[in-house]
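Worksheet: one structure, shown below.
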Amino acid sequence: MGRFGEVLGPSKRAETVRLGDTEISGSALRMGLGPERMRSNLLDRFEVKDGELHMAGRGYGHGVGMSQWGAYYMAEEQGKSYTEIINHYFKDVTIDQIWR
């Protein structure tokens, strides 16, 4: 990571952001700016230009677990079943009925 930049985690979201000599976690930056202003730390662009920080990204939330809107879209628009949706978001899980 250079003087300005981010370190990406397994989900490709910024785990650590550096501005000069200062480092902050990607989630702390998101919460500090406000989740309505920085909806996700899935960054496509992170640069300082003319003394201003420019960021661009995509997605919503923290990138862990199941997206409620994504699950809704899969069910309503794609006709996916609950098992297909669960298996999309959570790998190597089984769904078992434990009652009668």
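Each residue of region 25-35 is assigned a 3J(HN,Hα), and the resulting list reads 5, x, 6, 5, 4, 4, 5, x, 6, x, x Hz, derived from the Karplus form 6.51 cos²θ - 1.76 cosθ + 1.60 (θ = phi - 60°), x at Gly and Pro.
Coupling constants for region 81-86 follow from the phi torsions by the Karplus curve (6.51 cos²θ - 1.76 cosθ + 1.60, θ = phi - 60°), and in residue order they are 7, 4, 5, 5, 5, 4 Hz; glycine and proline get x. Kirkwood analysis of the chain, using all unique Cα-Cα pairs, places the hydrodynamic radius at 15.8 Å.
Taking amide H as placed 1.01 Å from N in the peptide plane, the amide H of Lys80 sits under 5 Å from that of Ala75, each at least 5 places away or on another chain. Exposure check, 1.4 Å probe, all protein chains in place: Met66 carries approximately 80 Å² of accessible surface.
Per-residue SASA remark: Thr83, around 50 Å² accessible (1.4 Å probe; ligands, DNA and RNA not included).
Rolling a 1.4 Å probe over the protein heavy atoms leaves Lys12 with an accessible area of roughly 130 Å². Per-residue 3J(HN,Hα) values for region 47-55, derived from phi via the Karplus relation 6.51 cos²θ - 1.76 cosθ + 1.60 with θ = phi - 60°, read 8, 9, 9, 6, x, 10, 7, 10, 10 Hz in sequence order (x marks Gly and Pro).
Computed extension gain for Thr16 through Ser81, at 0.36 nm per residue and net of the alpha carbon distance, reaches 19.8 nm.
Remind me, relative contact order of the chain in percent, using alpha carbon pairs under 8 angstrom and six or more residues apart? If you can, show how the numbers build up before the last one.
On the way: 118 pairs, mean separation 16.1, N = 100.
Contact order relative to length: 16 percent.
For Lys49, the lysines whose Cα comes closer than 28 Å to its Cα, not counting residues fewer than 8 places off in the same chain, are Lys12. For region 10-90, the list of GluC sites (Glu not before Pro) that fall in a loop by DSSP and count at most 14 other C-beta atoms within 10 angstrom reads Glu36, Glu77. Computed on protein heavy atoms with a 1.4 Å probe, the accessible areas place Leu8, Leu29 in the order Leu8, Leu29, largest first.
Just report the Cα centroid separation between region 17-38 and region 48-100, whole Å. Here the two parts' Cα centres lie 22 Å apart.
Under the combined filter of DSSP loop state and at most 15 neighbouring Cβ atoms within 10 Å, region 27-58 retains these trypsin sites (Lys or Arg not before Pro): Arg37, Arg39, Arg58.
The values are calculated or read from the model by the stated rules, or taken from the named source; none is laboratory data. Keep in mind that this is a model prediction, so the values were computed, not measured. Cβ coordinates were reconstructed from backbone atoms using ideal geometry, including for glycine residues, and neighbour counts include every protein chain displayed. With ligands, DNA and RNA removed, areas are computed over all heavy atoms of the protein, side chains included. Shrake-Rupley method; radii C 1.70, N 1.55, O 1.52, S 1.80 Å.
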